[in-house]
Each structure stands twice: as structure tokens, then as C-alpha cells.
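See structure below.
The values are calculated or read from the model by the stated rules, or taken from the named source; none is laboratory data. It should be emphasised that the depicted structure is a prediction, and the values quoted were computed from it without experimental measurement. Note that each Cβ is placed from the backbone with ideal geometry, even for glycine, and that neighbours are counted across all protein chains shown.
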Amino acid sequence: MIWILFVLIFWGAMWAVNVRLAAGPQTQLTKILVPTLFGITLLVLWEGLVRGFSISPILLPPPSMIAQRFATSLPILWEDFVQTFIKGALSGYFIGCSAAFLTAIAVDRSDFLKRGLLPIGNFVAALPIIGMAPILVMWFGFDWQSKAAVVVIMVFFPMLVNTVAGLNAKDKFQDDLMKTYAASYWQNLLKLKLPAAMPFIFNGLKICTTLALIGAIVAEFFGSPIRGMGFRISTEVGRLSLDMVWAEITVAALAGSAFYGTMALIEKAVTFWHPSQRN
Amino acid sequence: MKNLIKGAIASAFLFGASAAQAADDVTLQLKWVTQAQFAGYYVALDKGFYEEEGLNVTIKPGGPDIAPAQVIAGGGADVVLDWMPSALASREKGLDLVNIAQPFKSSGMMLTCRKDAGVETPADFADKTLGVWFFGNEYPFLSWMNKLGLKTDGSDGGVTVLKQGFNVDPILQGQAACVSTMTYNEYWQIIDAGLTPEELVVFKYEDEGVSTLEDGMYVLGENLKDEAFKDKMVRFVRASMKGWKYAEENPDEAADIVLDNDASGAQTEKHQRRMMSEVAKLTAGSNGALDVADYERTVQSLLEGGSDPVITKAPEGAWTHEITDAALN
């Protein structure tokens with residue numbers, strides 16, 4: 001009871017603080033402080049309600065228990081991170097996105113390929129992952145290669161469609177200007193089409209960061225060596241170690257956000273000229 | 001139209017009549033999908049054994065993503081079927097699971113190996129790849145490997161462990177030398193896929209002296225303090241065991257009842273009849289009451305885990321004869 005009371009008071013107090021901060025002058029500090037207080041309040045609410053209603057840790061462990069498990073299992077979490085994120089997701093992301101990029105350039109060059117390849121890309125994207133994953137495990141074995149293959153299938157289509165759209169993003173006058181310069185195909189591609197396509201390409205790259213992580217984790221449910229984030233999550237649920245499951249979820253969330261953030265930073269540097277990036 | 005209305009009125013009366021008897025609701029969570037492994041319960045339902053005891057039983061099928069212990073913790077079932085290693089491990093995690101009946105006397109778990117992968121005896125496991133189920137089903141395997149002194153972390157001289165999906169592909173593809181199988185299910189999938197019994201070596205956990213108790217009925221300890229719940233369970237266990245004994249004597253009929261209840265339509269008659277005859281061998285030695293010697297053996301094998309035992313101390317109050325004593329008199 002005391003926990004619930006404390007939580008309610010804490011919630012009200014933090015709410016009041018945030019309202020006052022938001023009403024006051026906007027500085028760099030308040031910009032960071034408001035969301036931080038909000039996040040802390042959520043965690044305190046979670047902790048207090050779980051304790052206050054004495055909810056079994058099998059159903060929902062409190063954040064303190066998850067943090068403790070996180071801190072004591074760092075070697076395992078790191079091993080799983082390397083297996084799933086670095087080996088499975090990143091390599092699949094790299095292969096899938098580069099393949100889609102090259103395909104998009106080919107598609108843009110040839111109308112024949114556009115009419116032939118785009119429907120196939122569409123078809124592959126519509127394949128359900130839980131149908132493909134067991135088959136790819138059969139083909140590529142139990143280790144990370146099959147997970148990378150799942151990721152390739154998942155990221156290929158969004159990347160392809162975005163890049164193809166990007167390559168058409170230049171406007172007519174720019175095209176005419178390049179013609180008056182007598183630009184060759186390659187000059188046209190490198191100096192006009194690709195730069196104009198960059199906002200679209202980065203859109204695709206950003207969407208694919210989260211798809212890659214999801215694909216790599218889910219693919220491990222269908223057979224894996226005894227390490228990896230997906231393996232750990234499915235196994236520890238069966239063992240009722242929900243604190244470990246949440247620790248893995250934390251790792252996945254952190255890795256996913258960092259991956260997305262990195263892409264956003266690169267985008268900022270590459271497409272500094274675009275109206276959406278100007279301040 | 002008239003008949004329809006008559007029928008509706010009649011069924012309304014019937015429904016009223018059965019409601020008047022106030023049948024007690026019991027929800028049973030299976031450990032796996034509807035198949036002859038659970039024939040006893042489906043027979044008891046279909047033959048009206050539960051109804052005779054004044055019970056209204058709902059059977060929930062399980063699956064690869066359903067942990068019975070978690071279902072009962074969340075209040076989704078009154079009774080769950082689970083393997084004892086997993087139940088005792090959950091117990092140590094703070095979930096008060098109590099075994100009230102043990103219809104499976106023997107273990108049906110095996111490791112099935114290809115002869116051409118060079119496995120003849122357990123001594124040949126070293127440096128081989130073995131397929132294992134996880135999700136709470138890995139404990140018997142881990143304690144066996146501990147007993148053999150083989151490390152499972154992939155280091156030299158130990159074994160490489162694969163998390164196998166719930167099929168037998170790894171052995172068919174040659175990705176693993178051995179895979180986990182049940183006498184009544186996956187073993188026959190390998191045979192159906194074209195490998196002959198002569199090409200295979202099987203190691204039954206039962207024969208290797210490392211068997212642990214499988215499908216048992218578990219309830220929450222706190223519920224057992226309630227007399228009404230206890231009475232319900234006594235009737236449930238009595239009717240279920242009647243179902244099991246009926247299934248043992250009439251395996252083909254039992255298999256057909258299971259097929260009728262398989263909402264997924266995924267099971268075949270041939271496979272279910274074969275499964276029922278194999279399952280009957282495992283339930284044959286049990287009248288429903290837990291054999292304390294079997295329990296002690298299971299606990300002992302789980303405790304002997306070397307550096308990483310499945311449970312760290314002998315559980316207390318993990319089983320009771322109270323229900324079966326009252327049910328089977």
C-alpha cells in the first residue's frame with residue numbers, strides 16, 4: 001500500500017515539475033530534462049506498482065530486478081549481441097541494402113528490368129518471415145548465416161522501392177540542364193540522380209535498421225546455436241527467467257536505437273543541402 | 001422453422017438443466033498441441049467421464065510458444081501438464097507448482113543418432129553436434145551430459161548443442177549427429193522421412209538411467225488450501241485416469257477421439273494410432289499416483305548438475321498424494 005501511495009505522489013510531483021518546466025523558458029537544459037524526468041517517472045511507476053500489487057516476477061519483473069540481471073549477465077549479453085546483431089543483423093543489412101541499391105540502379109537504367117524485377121521484389125517482400133525462416137535455416141545451417149539470409153529478404157524490398165523512387169526524384173529542369181552539358185549516363189547518375197536520391201535512400205536505410213534487428217531475432221526462434229538474443233529470449237521464457245528476457249529486450253532496444261541514430265547522423269552529414277536538414 | 005424453434009427451446013432447457021447441476025469449471029492447459037500424448041483427457045471428455053463427475057472441462061492445446069507454468073501463473077488454467085524438471089525449475093523461480101498426479105510412469109525421451117555419423121555409444125558423443133529442444137525441455141539433456149562429464153558450451157572435448165526446431169530436419173540434413181526425439185512422435189517422423197531403424201541408434205533416457213518424470217498434473221499450491229478446489233481436483237484426477245485406462249485398452253478408438261478434437265486438422269490417423277500405442281506403454285505402469293521413488297530419482301538427477309545444476313536444492317512440498325489418495329480409493 002505504501003508503495004502505491006508513494007508512486008502516486010511521485011507521479012503527481014514529477015508531472016507538476018514537468019508542467020512548470022514546459023511553461024518556463026526553453027533552454028538546452030529543459031529540452032533534456034523534460035523527457036528524462038518522464039522516463040524516470042515511468043520506471044518508478046513500474047517498479048512501485050509491481051511491488052505495491054506484489055505481482056509475480058514471472059509475469060512482470062520490476063526494473064530494479066532487470067537492471068540487476070543486466071549487470072550480472074554482461075558476458076552472456078555481449079555474446080548474444082555479437083551473435084545476433086553484429087553477425088546476423090549487420091551482415092544481412094549490409095548485403096541486403098547493397099544488393100537492393102545495385103538492383104535499383106539497374107532497374108532505373110532498364111525498363112525491361114523495371115517491369116521484371118520490381119514485381120519479384122514485391123513478391124519476395126510478401127513472403128511471411130515465419131514461413132521463410134525455417135526453410136532458410138534448412139538451407140544455410142543453424143549459425144548466423146541463415147539469420148543474415150532472413151535479414152536480407154526482409155530489408156531488400158523497402159530499400160529497393162525507396163532507391164528506385166529516389167532515382168526519379170530529380171526534376172525536369174535539372175535533367176534538361178545535364179542534357180545541355182552533354183553529360184554521359186554515368187555523369188548524370190553520379191552528379192544528379194544519386195545526390196537527388198539521397199533523402200530517399202536514407203529513408204530506406206533507416207527503415208531497414210529496425211527490420212534487420214527484428215528479422216535476426218525472430219529467425220533464431222526456428223533453430224540456432226545456443227547463443228543469440230532470439231535464442232536467449234525464447235529459452236528464458238520457457239525457464240520463467242523473465243528478468244533475463246527483459247535484459248535482452250533492453251539490449252535490443254539500445255542496439256536498435258543506436259543503429260537508427262547512427263544512420264540518422266550519417267544522413268545529416270550527407271544530405272546537409274536538403275531543406276529538411278537545414279536549421 | 002418450427003423444428004428449429006423446438007430444438008432451440010429443448011436445448012435451452014437442456015442447458016438450463018445442466019447449469020442447474022452446477023457443473024464445476026476446470027481448465028486444463030496441455031504441454032503441446034492436440035495429439036495422442038494427451039489421449040486420456042480427450043477420452044474422458046468425449047466419453048463423458050468428466051460430466052459424470054460433475055465437471056465442465058475445457059482443454060487448451062499448447063504449442064511451441066506456450067509455457068504451461070506461465071499460463072497457470074497468469075490464471076489461464078486450473079491444472080497444467082508439465083514435465084517435472086521444468087516444473088521444479090519453475091518452483092525454484094518462485095512459482096508454487098504442486099504435482100497432484102502422475103499418469104506417465106516412464107519417460108519417452110530419446111536421443112536418436114545416425115550410425116553413419118559415427119555414434120555407437122554415449123562415449124562417442126564428444127565433439128559431435130547434438131540437437132536439443134529448449135523452452136524448458138532441455139533440463140533432462142543437460143543433466144545427462146553432466147553425468148557423462150561432457151561440457152555443453154562448445155569447448156573442446158564437449159558436445160556442440162543445437163537448438164533444434166520442433167522437427168527432425170537436422171538429422172535428415174546431417175547438420176547434427178543426433179536429435180532429441182520422443183518414442184511416440186519424432187522418432188516416427190524420422191522413419192517416415194525415409195531413414196530405416198537399422199541406420200539409427202537410439203539412446204532412451206529410461207535405459208541410460210537418466211530419465212526424469214514427464215507429463216504430470218500440476219496445480220498452484222495456494223489453490224490446494226481450498227477444500228472446494230481440492231474436491232474438484234479429486235474428481236478431475238479420477239475421471240482423467242479413467243480416461244487414460246480406457247485409452248490404453250482401446251488405443252485405436254482413443255486415437256480417433258483425439259483426431260476428432262484436433263481443431264487444427266494437422267494430425268493424421270496413422271500417426272496418431274501409432275503414437276497412442278507408444279504412449280500406452282509409458283502410462284501403463286501408473287494408476288495416477290506419483291511414485292515417490294521416481295520423484296526422488298528425478299530430483300537427484302536434477303541436483304547433480306555439476307557447475308550448473310537445474311535446481312540448487314531439494315524442493316519441499318512439490319508433490320502431494322492427497323488428491324490421488326482420495327481419487328483412487
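Return the residue satisfying two criteria in turn: it lies in the stretch B:142-158 and is in contact (Cβ under 8 Å) with a residue 60 or more places away in the chain and among the hydrophobic types (A, V, I, L, M, F, W, C), and of such residues it is nearest to the other protein chains (Cβ to nearest Cβ). So the residue we want is B:142.
Of everything in the stretch B:226-263 that is of a type in the set (Asp, Glu) and either in contact with an Asp or Glu (Cβ under 8 Å, 6 or more places away or on another chain) or not assigned by TED's automatic domain parsing to the domain that holds residue B:61 (or both), the residue that is farthest from residue B:61 (Cα to Cα) is B:256. Can you tell me which residue in the stretch B:159-204 is farthest from the other protein chains (Cβ to nearest Cβ), limited to those that are out of contact with any helix residue (DSSP H, G or I) (no Cβ under 9 Å at 6 or more places or on another chain) and of a type in the set (Ser, Thr, Tyr)? Looking at residues that are out of contact with any helix residue (DSSP H, G or I) (no Cβ under 9 Å at 6 or more places or on another chain) and of a type in the set (Ser, Thr, Tyr), I get B:196. Residue A:84 meets each of the listed conditions (1) part of a loop (DSSP other than H, G, I, E, B); (2) of a type outside the set (A, V, I, L, M, F, W, C); (3) within 19 Å of the chain's Cα centre (by Cα) apart from (1).
Mind checking whether some residue in the stretch B:112-122 is of a type in the set (A, V, I, L, M, F, W, C) and more than 23 Å from residue B:153 (Cβ to Cβ)? Scanning the stretch B:112-122 turns up no residue that is of a type in the set (A, V, I, L, M, F, W, C) and more than 23 Å from residue B:153 (Cβ to Cβ). Of the residues B:289, B:266, B:314, the single one that is assigned by TED's automatic domain parsing to the domain that holds residue B:49, touching a strand residue (DSSP E or B) at 6+ places or on another chain (Cβ under 8 Å), surrounded by fewer than 20 Cβ atoms within 10 Å (Cβ to Cβ) and not in a helix (DSSP H, G or I) is B:289. Among the residues of the stretch B:112-141, those identified as among the aliphatic types (A, V, I, L, M) and either away from chain A (no Cβ under 14 Å) or out of contact with any helix residue (DSSP H, G or I) (no Cβ under 9 Å at 6 or more places or on another chain) (or both) are B:117, B:119, B:123, B:126. Step by step: first the residues of the stretch A:237-256, then only those that are more than 17 Å from residue B:67 (Cβ to Cβ) and not aliphatic (A, V, I, L, M), then the one that is surrounded by the most Cβ atoms within 10 Å (Cβ to Cβ). Which residue is that? Going through the qualifying residues, I end up with A:256. Within the stretch B:115-136, the residues that satisfy the criterion of being assigned to a loop (DSSP other than H, G, I, E, B), touching a residue at least 40 places away in the same chain (Cβ under 8 Å) and surrounded by fewer than 20 Cβ atoms within 10 Å (Cβ to Cβ) are B:118, B:120, B:128, B:135. Check whether at least one residue in the stretch A:239-253 is within 14 Å of another protein chain (Cβ to nearest Cβ) and among the basic types (Lys, Arg), and report yes or no. Among the residues of the stretch A:239-253, at least one is within 14 Å of another protein chain (Cβ to nearest Cβ) and among the basic types (Lys, Arg), which makes the answer yes.
When each of B:183, B:212 is tested for being more than 27 Å from residue A:140 (Cβ to Cβ), of a type outside the set (D, E, K, R) and in contact with a Pro (Cβ under 6 Å, 6 or more places away or on another chain), the lone residue that passes is B:212.
Quick grid of which residues meet (1) closer than 19 Å to residue A:212 by Cα; (2) within 14 Å of chain B (Cβ to nearest Cβ); (3) surrounded by 15 or more Cβ atoms within 10 Å (Cβ to Cβ); (4) without any contact (Cβ under 8 Å) to a residue 24 or more places away in the chain:
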| residue | (1), (2), (3), (4) |
| --- | --- |
| A:100 | yes, no, yes, no |
| A:104 | no, no, yes, no |
| A:116 | no, no, no, yes |
| A:120 | no, no, no, yes |
| A:129 | yes, no, yes, no |
| A:132 | yes, yes, yes, yes |
| A:139 | no, yes, no, yes |
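Looking at the stretch A:180-197, is at least one residue within 14 Å of another protein chain (Cβ to nearest Cβ), surrounded by fewer than 22 Cβ atoms within 10 Å (Cβ to Cβ) and not polar (S, T, N, Q)? No, the conditions are met nowhere in the stretch A:180-197. Condition check: assigned by TED's automatic domain parsing to the domain that holds residue A:232 and surrounded by 14 or more Cβ atoms within 10 Å (Cβ to Cβ). Does residue A:6 satisfy that? So residue A:6 fails the test. When A:224, A:234 are checked against the criterion of being within 14 Å of chain B (Cβ to nearest Cβ), small (Gly, Ala, Ser) and either surrounded by fewer than 18 Cβ atoms within 10 Å (Cβ to Cβ) or in contact with a strand residue (DSSP E or B) (Cβ under 6 Å, 6 or more places away or on another chain) (or both), a single residue qualifies: A:224.
In the set (1) within 11 Å of chain A (Cβ to nearest Cβ); (2) touching a residue at least 60 places away in the same chain (Cβ under 8 Å); (3) of a type in the set (S, T, N, Q), residue B:86 fails one condition alone, (2). Among the residues of the stretch A:33-71, those identified as outside any loop (DSSP other than H, G, I, E, B), within 27 Å of the chain's Cα centre (by Cα) and within 14 Å of another protein chain (Cβ to nearest Cβ) are A:65, A:69.
With respect to the stated conditions, residue B:231 is free of Cβ contacts under 8 Å to residues at least 40 places away in the same chain, within 18 Å of residue B:80 (Cα to Cα) and either surrounded by 23 or more Cβ atoms within 10 Å (Cβ to Cβ) or over 21 Å from the mean Cα position of the chain (by Cα) (or both). Between B:260, B:252, the distinction of being without any contact (Cβ under 8 Å) to a residue 40 or more places away in the chain, touching a helix residue (DSSP H, G or I) at 6+ places or on another chain (Cβ under 8 Å) and surrounded by fewer than 17 Cβ atoms within 10 Å (Cβ to Cβ) belongs to B:252 only. Taking the stretch B:157-233 and the strands (runs of 3 or more DSSP E) fully enclosed by it, the elements with 1 or more residues that are among the polar types (S, T, N, Q) are at B:160-163, B:178-182. I'm trying to understand the selection: among the residues of the stretch B:94-114, which are charged (D, E, K, R) and either over 24 Å from residue B:229 (Cα atoms) or crowded, with 24+ Cβ neighbours inside 10 Å (or both)? Passing the criteria: B:105, B:114. Out of A:256, A:215, A:261, A:204, one residue alone is modelled with pLDDT of 90 or more, over 27 Å from residue A:128 (Cβ atoms) and more than 14 Å from every other protein chain (Cβ to nearest Cβ). It is A:261.
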